[in-house]
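Following: one structure in structure tokens, then a few remarks.
The values are calculated or read from the model by the stated rules, or taken from the named source; none is laboratory data. Every value quoted in this text rests on a predicted model; they were computed, and no experiment measured them. Because the Cβ atoms are built from the backbone with ideal geometry, glycine has one as well, and the counts that use them run over all protein chains shown.
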Amino acid sequence: MSETPLPQLRADCTRCFALCCVAPAFAASADFAITKSAGQPCPNLRPDFGCGIHTQLRDRGFAGCAVYDCFGAGQQVSQVTFGGRDWRQAPDTAQQMFDVFPIVRQLHQLLWYLTEARARQETTGIHADLDTARTETERLTSLAPGDLEKLDIAGHRSAVNTLLLRTSDLVRGHGTKDRRGADLIGATLAGADLRRANLRGAYLIGANLTGADLRTADVIGADFRDADLRGANLTDALFLTQSQLDSATGDARTVLPPMLTRPAHWEPCSGV
Ligand code: SF4
């Protein structure tokens, strides 16, 4: 099996030309203090591609930056796809770089999910299919800019998603709680037994999940913004990402999968 080490799927801003600070458009909101157009550098961006307010993002109204995760696509596009030529040095290819970045980000996100699926012991029966999908996705990340622009990324996502759904069924078993895409905004789920629940794409914004048991729940794409995860158990939560954790609140008692880290802004410990 071709291996993509997880470190390659983690953002390394020191090797990126701050693509997330330039390529996307921002709309002034709770996540961003400003409105800017796609392709326009954020006014807080320094000449060395560092962020001028990196240590104050939440306080300055840029919480969206604090939770954003490119899954390592930034350094891939900067250093591999465009060979280390940044958008200031090469304005003729800047727009293409900005167009390719979200495509490669999707590919890296799929690699993250496929890597987790492959690591689950319950997926032994589909390891060959997962390996094939990973190898093909890795190959796509290495395409030239023009080929990436022409890629049917929606079609590839759909094919991989079929495998991720099979993974979810194998890990969670049958007859489990189906809350897929559910509107659980602000819901009171303190202490809830959500083991093996299907929470794919669920809206958990501001939900009270203190002390909830989310072991082996499928949380792919679930929106955890401002959800309260203090004391929750997320061991083996399926397809949980660092960005989801960063957008929520928690404390020292929140139990996390080993490959994710406790966000710095969480409380050291508090009563529930
Ligand atoms: S505030 Fe900082 S991290 Fe956010 S887009 Fe601007 S420069 Fe980038």
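At-a-glance table
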| item | result |
| --- | --- |
| Some residue of segment 197-208 being of a type outside the set (Gly, Ala, Ser), over 28 Å from Pro7 (Cα atoms) and part of a loop (DSSP other than H, G, I, E, B) | yes |
| Residues being surrounded by fewer than 20 Cβ atoms within 10 Å (Cβ to Cβ), closer than 15 Å to Val219 by Cβ and of a type outside the set (Ser, Thr, Tyr) - total across segment 173-183 | 5 |
| Where a residue in segment 153-173 is within 16 Å of Asp236 (Cα to Cα) and in the same structural domain as Thr135 (by TED's automatic domain parsing) and its partner, wherever it lies, is at pLDDT 95 or above and among the aromatic types (Phe, Trp, Tyr), with Cβ under 9 Å and at least six apart | Leu164/Tyr113; Leu164/Phe239; Thr167/Tyr113; Thr167/Phe239; Ser168/Phe239 |
| Members of segment 35-60 found to be near the ligand (Cβ under 8 Å from one of its atoms) and either more than 20 Å from Met97 (Cα to Cα) or among the aliphatic types (A, V, I, L, M) (or both), listed by number | Asn44, Leu45, Gly52, Ile53, His54, Leu57, Arg60 |
| Considering residues of segment 17-34 that are in a loop (DSSP other than H, G, I, E, B) and within 11 Å of the ligand (Cβ to nearest atom) only, the residue surrounded by the most Cβ atoms within 10 Å (Cβ to Cβ) | Ala23 |
| Residue satisfying all of: in segment 221-272; basic (Lys, Arg) and under 20 Å from Cys65 (Cβ atoms); nearest to the chain's Cα centre (by Cα) among these | Arg225 |
| Residues located in segment 61-81, provided they are within 11 Å of the ligand (Cβ to nearest atom) and part of a loop (DSSP other than H, G, I, E, B) | Gly61, Phe62, Tyr68 |
| Near pairs, Cβ below 8 angstrom, 6+ apart or cross-chain, from segment 28-46 (on the phi > 0 side of the Ramachandran plot and modelled with pLDDT of 95 or more) to any residue that is away from the ligand (no atom under 11 Å from the Cβ) and not aliphatic (A, V, I, L, M) | Gly39/Gln95; Gly39/Phe98 |
| Matching entry among Asp92, Asp99, Asp48 (being assigned to a loop (DSSP other than H, G, I, E, B) and acidic (Asp, Glu)) | Asp48 |
